[in-house]
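Only one structure is covered here, and it is reproduced in the block below.
The values are calculated or read from the model by the stated rules, or taken from the named source; none is laboratory data. Being a predicted model, the structure only gives us computed values, none of them experimental. All Cβ positions, even for glycine, are placed from backbone atoms using ideal geometry, and neighbour counts span all protein chains on display.
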């Protein structure tokens with residue numbers, strides 16, 4: 001570990017901040033909770049970070065053992081960055097900070113604030129209190145990004161909750177909705193049936209898996 005930024009304190013929190021205290025580091029790790037990303041993906045997902053600064057942060061994080069760089073299976077494919085087992089140890093702390101941040105999210109997002117479906121889904125990790133299991137594919141109509149369609153898969157089991165960008169798993173339930181509808185369902189305790197009747201939510205595929213999902217995360221049918 002570099003001595004460039006060091007609090008010089010023999011304390012677990014100080015040692016942790018020596019490693020993750022730089023601007024953008026935790027936000028990069030948050031997005032890597034959603035699976036591996038290419039350098040170009042991270043640049044797009046982190047508006048405001050410069051290319052040089054992102055490259056520097058990734059290099060530091062790799063040197064500290066928080067992330068690793070791997071190549072996708074196809075020949076000539078770009079490298080992707082993903083969390084190591086050490087990096088994943090920070091997940092509970094990141095989720096706790098995310099929950100704490102809700103105290104400062106008054107009203108809706110500002111016009112210049114990026115809104116991402118995957119980050120909204122990460123809140124599910126703290127809500128899971130069940131032995132139910134299944135895979136649900138979310139197709140988001142992101143009204144904050146010119147209604148761009150984005151897919152994420154939520155795999156829940158006794159091992160925990162894994163959230164990944166894309167739609168690779170075939171045996172699944174699929175739900176189409178907007179980010180506003182997701183907020184109504186998850187944060188405002190809206191009834192799924194009411195949202196469906198209003199045409200704000202469409203469920204296809206295995207309905208039993210979807211019902212298990214609602215029960216697993218304490219959401220209203």
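A few remarks follow.
- Spans of strands (runs of 3 or more DSSP E) in segment 121-207 with at least 2 residues in contact (Cβ under 8 Å) with a residue 60 or more places away in the chain and either more than 21 Å from residue 30 (Cα to Cα) or not assigned by TED's automatic domain parsing to the domain that holds residue 91 (or both): 134-142, 148-157, 160-165
- For segment 89-113, the tally of residues that are part of a loop (DSSP other than H, G, I, E, B) and out of contact with any helix residue (DSSP H, G or I) (no Cβ under 8 Å at 6 or more places or on another chain) stands at 10.
- Check on residue 78, surrounded by fewer than 16 Cβ atoms within 10 Å (Cβ to Cβ) and out of contact with any helix residue (DSSP H, G or I) (no Cβ under 7 Å at 6 or more places or on another chain): yes
- Test: residue in segment 33-44 that is touching a helix residue (DSSP H, G or I) at 6+ places or on another chain (Cβ under 8 Å) and part of a loop (DSSP other than H, G, I, E, B): yes
- Any hit, segment 47-63, residues being farther than 20 Å from residue 36 by Cβ, part of a loop (DSSP other than H, G, I, E, B) and at pLDDT 95 or above: yes
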